[in-house]
1. Among B:LYS90/B:LYS440; B:LYS214/B:LYS234; B:LYS127/B:LYS214; B:LYS217/B:LYS440, which pairs are too far apart, with a Cα-Cα distance over 18 Å?
2. Give me the one-decimal Kirkwood hydrodynamic radius in Å for the protein assembly as shown, with the sum taken over alpha-carbon pairs.
3. If you take the Cα atoms of the stretch B:301-403, find Rg, then find the Kirkwood Rh from the mean of 1/r over all pairs, what is Rg/Rh?
4. Can you pull the one-decimal nm distance between simple spin-label points at B:TRP254 and A:ALA77, each 7 Å off the Cα toward Cβ?
5. How do the peptides A:55-68, B:44-57, B:399-412 rank, highest first, by the average count of neighbouring beta carbon atoms within 10 Å per residue?
6. Sorting check: for A:128-139, A:165-176, B:198-209, which peptide has the highest mean count of neighbouring beta carbons within 10 Å, and how do the rest follow?
7. Report the residue, chosen from A:SER178, A:SER282, A:SER160, that carries the largest GNM mean-square fluctuation when chain A is represented by alpha-carbon nodes joined by springs under 10 Å.
8. If you add up the charges near B:TYR160, with Lys and Arg at +1 and Asp and Glu at -1, over every other residue whose beta carbon is less than 14 angstrom from its beta carbon, what do you get?
Amino acid sequence: MSTMIPAPAQPRRGIRPAQSKSPQVPRAQRESPFARGGALIVMGVFTLYFLVPIWWLLVAASKNRAQFNTTNPLWFADFSLFENIGNLVAYRDGVYLKWMLNSALYAGGGAFIGTLIAGMCGYALAKYRFPGRELIFNVVLGGVLVPATALALPLFLIFSQISLTNTFWSVFLPSLVSPFGVYLARIYASASVPDELIEAARLDGAGEVRTFFTVSVRMMVPALVTVFLFQFVAIWNNFFLPLIMLRDETLFPVTLGLYAWNSQVNQIPVLRDYVLIGALLSIIPLIIIFLLLQRFWRNGLSAGSVK
Amino acid sequence: MKKRAVAVALLAVASVALTACATSVPTGDTAAAACAPSKGKVDLTFTTWIPGMEDTVAVWNKANPDIQVKVQTGPNGNGGTYQNFFNQLKAGNAPDLGQIEYDALPNFRVQDGLTDLAACDGVLDAKSDFVDWTWGQVNFGEDKSVYAIPQDAGPMAMFYRADLFTANNIAIPTTWDEFATAAEKVRATGGYITNFSQSDINQFAGFVWQAGGKWFKNDGDKWTVDLTDPTTTKVAAYWQDLIDRDLVSTNPPWTDEWNNAYNSGSNWTWNSAAWGANSIASGAPDTTGKWAVAQSPQWNAGDKASGNWGGSSTAVFKGSKHPYEAAKFALWLNTSDESLTMLNKSANLYPAAKSGLELPALKAGVPFYGDQAIYDEFAIASAQVSPDFVWGPTMTQTYNDVSDGFKAAVSGKGTLAEALKVGQANTIAAMTAQSIPVNK
């Protein structure tokens, strides 16, 4: 948190070199130009590494099929992106839009409720003393270590027992659980919500629930946004659980739908175009939500580490 | 790569699931279970990955208000749907009907996941409606059993660039010897006669099938694995020679490079299945009208043999409460002209039913192939496919192991024959690990 960082030294008079825009770093600790250049090169390489595929995707999605194989893969030919999108959306009565909507529901709803639960749970673990508290926390920590993929098959067998497979809930309910969210919320709550403040709220006559929602939640916003983003991205990209649970095409999230299409390109070559365009469109919501919330994300991400 | 990773993950999950349930041995002819009609209205579920199946099923539902079928979908079989079937069989909520490719059927049979439909009305009589070899794929050579209804087939023939062969005065090869000679001439012009697919092991299996090889045998008691029989070894040596002399390209299939090699005219032929007609038309749009189809080259001049690549069936799973109605639907789906025409249109399925080969849609000339009625060639090829080729019960693993070896072989490490040897050993090991009785 910024409060931990020493106040910046008073700027000296005169012209300051351009790179001293970060005045909190003492001059003596600044890297040599070589180290700095090296770091920039490494960062540049990685930026390229991450952005080139997206660029390729954008370019590929903007071409018609005839040009796709015959023109430069990294530069535009005739621009038919909107025509392609039109075809994709029209294919099979707009099943793609249904998938996008499903993904938004699974990821948006799941992340929202999941964040709420994780926030409450972490807050309770941080602020209330009760027997078994550490045990519960350790179990939750253990949960962080278990990959979600490993749980998919057992979940399928359990959901089969209660006849809930191939329903909205079979993907939605497991998405609500976020051990990492609980961990982050606890660390953050114990550091940023002062006991005195909760005490004061109690003295003023606020119940525990009201204290949580009106006082504590506001102070935990950066952590909660981080948990929300993590959950949103994890659910949006989740593939294995829907693959195992869902049969009904109208329940698919966009990841599973595109994968299913991609597995059929041998027989239905036109699907290849739709997979490309669909993949491009499917990352847009993630980009938007990152741009909107990245301020909080950056703050929240470092929260646990410093305090 | 990602597809591969998923496949490996699925395989890992599969092995966990498999060790839990002891596998039963397929025994000779078991008495077919009774198959009586249910009372009242029946709802069936049908899982398939064929796009547009809903429309075909809608036609059935309209005509059969008492047997309503609901279509469920997913990725293709090896992409996850087979694993889902196994999970569902274990959990007891498998669909009534499912699409299963011929090469995966033995796996379901060994895991006791299929209902024997022989007692169901009209199923045994339907044998004569289907191309002979497809029936062998669904009854595993047991005369009194039927474990699925054949749906589509992939008889193989040779797609070739008629214009290039003519312009360069090269005769269309009718034997594999001529094919190798032609390959040299094509290479001299700068092109490649064909592409050897490093990861389509089922294409290679099609070549072996044509040559008369048999990879698996099941005497009702034990399996025999033979990926290294003299016939297979001969086929492997043939392609190894072409690879060694740089007479065939080795692009990974279904990629842009692969499409590009055909689109630019650098590759001249493709030995592929009926359903491949569309793959090449979409991958090589600049070559419209320049292609034609001929029968596959033969091992001995005058032979008439074809291989098969792909094809699937409609199976009824163990646990279905309505096998009678399910069988009735499966027969309609795979023999009625109406259904076969729709499936051919929506998914390029090439029917396994004899009557399907006469569909008007399969009699017309195809513009991409210079208006040749190419499906006539495939109809001839389908009749020439040997009915004796049997798939093993662990084909996903076999494909993966051989494919790894083939990929190494085309880049100069090892040979195709060595890859098959490894595949042989690993297949026997995998079957042993699943308690499937196998001759070692």
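The values are calculated or read from the model by the stated rules, or taken from the named source; none is laboratory data. Model, not experiment: these values are computed from the prediction. Here the Cβ is made from the backbone with ideal geometry for all residues, glycine too, and neighbour counts use every protein chain on show. Ligands, DNA and RNA are stripped out before the accessible areas are found, and what is left, the full protein with its side chains, is counted by its heavy atoms. Shrake-Rupley method; radii C 1.70, N 1.55, O 1.52, S 1.80 Å.
1. Check vs 18 Å cut-off fails for B:LYS90/B:LYS440; B:LYS127/B:LYS214.
2. On the way: mean 1/r = 0.0342 Å⁻¹.
Here the Kirkwood hydrodynamic radius works out to 29.3 Å.
3. Working: Rg = 16.9 Å, Rh = 16.4 Å.
In the stretch B:301-403, Rg relative to Rh is 1.03.
4. 2.3
5. Sorting A:55-68, B:44-57, B:399-412 by mean packing, highest first, produces B:44-57, B:399-412, A:55-68.
6. Numbers: A:128-139: 10.2, A:165-176: 18.8, B:198-209: 22.8.
Highest-to-lowest ranking by the protection proxy: B:198-209, A:165-176, A:128-139.
7. A:SER160
8. Details: positive: B:ARG161, B:LYS185, B:LYS290; negative: B:ASP163, B:GLU178, B:GLU377.
Taking every other residue near B:TYR160 into account, the sum is 0.
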